[in-house]
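Written below as structure tokens is the structure these notes are about.
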Amino acid sequence: MDETIQQIFDGVVAGKRNDVLAAIHTALDAGVPVENIINEGMIPAMGEVGRRFENGDYYIPEMLVAARAMQAGMSEVKPLLSTANIKEAGTVVVGTVAGDLHDIGKNLVSVMLEGAGFKIIDLGTDVPAEKFVQAVHEHNPDIIALSALLTTTMLNLGRVQEALQAANVRDQVKLLVGGAPVTDRFAKEIGADGYAPDASRAVAVAKSLVS
Ligand code: B1M
């Protein structure tokens, strides 16, 4: 692994926000592509944090500081991912489903979609199904993009689809789902229109859903 990428990885794992920011600047100055910084440094670092949590080496506070360091890093690279003057591709309402507070993956998907020209309306985390229905009435989006990180909350992806159907707005919008425990098969079972395993593929699927 490139030395600066290693420093970014180590900084996120240790939750050292300033180290992460410094290493990102060094990497960018050295010409390391922003995609490598995210895909080889930051995302694998959160995987390592998860492993440490599973092993009992990390507890919630360590996960939280790592998440904050990751978010700080994401804010730093976000402007580099947003492409100016790109034709608007459509409107996407994004959110993490009810009961779920994880937002790093959702934010990453949002940044990448924004960079690809989509207008993003972010409802945040722990979003009840009814709020997505309300957002369809308010914003008339092309896509609702849902994230779920827990095996318990992934069931709420299906509840959003049911709520959209019950409100007779399901055919007005495409439903895109993702998150670590979600699979293509599960997405099909709950009647979603699209599934993506990561943020860059979410962009490709979103584009195909609006084309
Ligand atoms: Co949590 N947590 N957490 N956590 N946490 C996991 C998810 C876990 C796998 C850790 C573990 O045990 N190994 C585990 C879930 C187990 C399970 O359900 N099977 C877990 C647990 C158990 C919990 C709590 C229950 C812990 C507790 O309280 N006992 C609790 C639940 C709180 C709640 O939500 N109600 C909890 C809390 C937290 C923190 C708040 C401390 C913190 C979140 C902070 C935040 O998000 N602001 C946290 C963190 C940081 C993690 C891990 C370590 C990292 C998650 C992350 O940000 N990954 C995570 C372990 C892991 O993932 N290995 C873990 C990086 C991110 C880029 O990846 O979000 O997967 P991810 O997004 C990916 C893809 O999934 C995809 O694209 C992204 C990559 O490009 N994707 C989409 C995501 N959404 C998409 C949507 C799309 C398409 C693709 O279309 C719309």
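Using a cut-off of 9 Å between beta-carbons, work out the net charge of the residues near GLY15 (Lys and Arg +1, Asp and Glu -1, GLY15 not included). Here the count lands on +2. Counting lysine pairs in the chain whose alpha carbons fall under 23 angstrom apart, excluding pairs fewer than 8 residues apart on the same chain, gives 23. Label-to-label distance for GLU130 and GLU88 is 2.9 nm, based on points extended 7 Å past Cα in the beta-carbon direction. Inter-label distance, ARG68 to ALA180: 2.0 nm, where each label sits 7 Å from its Cα along the C-beta direction.
Packing, taken as the mean count of other beta carbons within 10 Å per residue, orders the peptides 178-186, 103-111 from highest to lowest as 103-111, 178-186.
Taking 0.36 nm per residue of sequence separation and removing the Cα-Cα distance, the ILE120/ASN36 pair yields an extension gain of 27.8 nm. At a probe radius of 1.4 angstrom, the accessible area of the chain per residue rounds to 50 square angstrom. Run the helix sum for the chain: -39,500 (n - 2.57) per DSSP H stretch of 4+ residues, divided by residue count, reported at 222 nm to the nearest 500 deg cm²/dmol. So the calculated ellipticity at 222 nm is -17000 deg cm²/dmol.
Accessible surface of the chain, 1.4 Å probe: 51 percent of it comes from carbon and sulfur atoms. When only Cα pairs below 8 angstrom with a gap of at least 6 residues are kept, the chain shows a relative contact order of 16 percent. Were the residues from LEU80 through LEU101 laid out at 0.36 nm apart, the gain over their Cα-Cα distance would be 4.9 nm.
Treating r as the C-beta distance of HIS25 and ILE60 and R0 as 45 Å, the FRET efficiency rounds to 0.95.
Note on LYS188 and THR151: their simple-model spin labels are 2.2 nm apart, each label 7 Å out from Cα toward Cβ.
Can you compute the FRET efficiency between ASN140 and GLU3 using 1/(1 + (r/R0)^6), with r the Cβ-Cβ distance and R0 = 45 Å? Round to the nearest 0.05. According to the calculation, E is roughly 0.40. Once you order the gyration tensor axes a ≥ b ≥ c over the Cα atoms, which shape class does region 3-83 get: rounded for a/c under 1.5, otherwise prolate or oblate by comparing a/b with b/c? It is prolate, given that a/c is not under 1.5 and a/b is the larger ratio.
The values are calculated or read from the model by the stated rules, or taken from the named source; none is laboratory data. As the structure is a computational prediction, the values presented were derived from the model and not from experiment. Because the Cβ atoms are built from the backbone with ideal geometry, glycine has one as well, and the counts that use them run over all protein chains shown. Please note that ligands, DNA and RNA were not included when accessible areas were found on the heavy atoms of the full protein model with its side chains. Shrake-Rupley method; radii C 1.70, N 1.55, O 1.52, S 1.80 Å.
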